[in-house]
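Bear in mind these aren't lab numbers, they're just calculated from the coordinates by the rules spelled out. Keep in mind it's a predicted model, so treat the numbers as computed, not measured. For neighbour counting, all protein chains shown are included, and Cβ atoms are generated from backbone atoms with ideal geometry for every residue, glycine included.
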Amino acid sequence: MTMFNSDKEAIAGFTDKYNQLRQETSKVIVGQDEVVKNIFITIFSRGHVLLIGVPGLAKTLMITTIAKALGLSCNRIQFTPDLMPSDIMGTEILDEHRQFRFVKGPIFSNVVLADEINRTPPKTQSALLEAMQERSVSIAGVTHTLPNPFFVLATQNPIEQEGTYPLPEAQLDRFMFNIYLDYPSFNEEVDIVKSTIGGDMYEPQQVITLDEIIYYQKLLQRIPVADNVYQYAVKLSTITRPNTPSAHDWANKYLAWGAGPRCSQNLIIAAKCHAVLSGKISPDIENVKAVAHSVMRHRIVKNYRAEAENILIDTIIDKFLEVE
């Protein structure tokens, strides 16, 4: 990979590489620019994404395209009610030599697409907890390290809730971003139809190496952050906590539970990458605000009053962002 003389040069190189990645993925994925950008932010920030959208919005195509452009291995796991933890992590078998041998499951991949994760029971959902946090899995008392980089993109269908198992708060908190995938615009949908019914689709080419991905991940960890940005991120988290001295009026009125410290951490981590992709060498408060909805919307819990008045989570977050 290209060697840089300074972090400033490396940041410029990272921005150029990101623009190449966006150009390559846009040959397959029409529109959804903000969603794709947020997925790249999560990958380079060493996080995970929960993607919520109705069927048919190319969630699977999006992540496989991104994985190919990054040159990463990708496995798709279709979560169903009968899926067992061993179906994800792997299991020990007795081979022909009467020796136990571990057979790796689909989680041993750089990119794991957990499709409709809320359709499988908590026992199987919890199998992802250690993997997402520790980047390893334990089988029969032996710890197996997962590939580096490792990224989980889980999807949920927001319109079918019968027979599903809502993710517990502890697992939701493991996701850096919660991204809503909306319908394409009219012109975008016309382009989608034109590009998908005329024959073979474009095969995305690898743009970046695995070593470069790891290098840029470490580069982002070194990005300096001003104290006022740290303080703003923490303040944004603390005002969401109802019945505490720092609570915002809307938190006391509409929330049953606020965001924890992992929210503050992810606001800063994501703001670093957002800043670099915006041409800055350090994040400011505007970068924190830019990633706030995706970081916070799955970390705060509405109360009965918010549900009764049909107050949206994003509306509550908008109110919090008015605080300076």
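With a ≥ b ≥ c the root eigenvalues of the C-alpha gyration tensor of region 1-160, is it rounded (a/c under 1.5), prolate (a/b larger than b/c) or oblate? Judged from the Cα gyration tensor, region 1-160 comes out oblate (a/c at least 1.5, b/c at or above a/b).
Between region 75-145 and region 1-61, the C-alpha centres lie 27 angstrom from each other. In summary, the lysines within cross-link reach of Lys253, defined as a Cα separation below 27 angstrom excluding same-chain residues under 8 places away, comprise Lys235, Lys289, Lys302, Lys319. Under 1.5 on a/c is rounded, so check that first for region 117-187, then, if it is not, pick prolate when a/b is larger than b/c and oblate when it is not; a ≥ b ≥ c are the square roots of the alpha carbon gyration tensor eigenvalues. It comes out oblate by the Cα gyration axes.
When the convex hull of its Cα atoms is viewed from all sides, the chain shows a mean projected area of 20.1 nm². For region 1-107, the number of Lys pairs with C-alpha atoms closer than 27 Å, counting only pairs eight or more positions apart or on separate chains, is 14.
Placing +1 on each Lys and Arg Cβ and -1 on each Asp and Glu Cβ, with no other charges, gives region 224-321 a dipole about its Cα centre of roughly 200 debye. Here the simple spin-label model places points 7 Å from the Cα toward Cβ, and for Glu322 and Gln20 these points are separated by 4.6 nm. Dipole of region 201-324 computed with +1 at Lys/Arg Cβ and -1 at Asp/Glu Cβ about the Cα centre; of Pro283, His293, Asn252, farthest Cα towards the positive end is Asn252. Full extension of the chain segment joining Asn75 with Gln133 gains 19.0 nm, where the gain is 0.36 nm per residue of separation less the Cα-Cα distance. Once you sort the root eigenvalues of the Cα gyration tensor of region 212-275 as a ≥ b ≥ c, which label holds: rounded (a/c under 1.5), prolate (a/b larger than b/c) or oblate (the other case)? Prolate is the answer for region 212-275, as a/c is 1.5 or above and a/b outweighs b/c. Among Thr120, Val152, Phe108, which residue has its Cα positioned farthest towards the positive end of the charge dipole of region 83-204, with +1 placed on the Cβ of Lys and Arg, -1 on the Cβ of Asp and Glu, and the dipole taken about the Cα centre? Ranked along the dipole, the leading option is Phe108. Take the Cα of Glu34, step 7 Å toward its Cβ, do the same at Thr91, and the gap between the two points is 4.4 nm.
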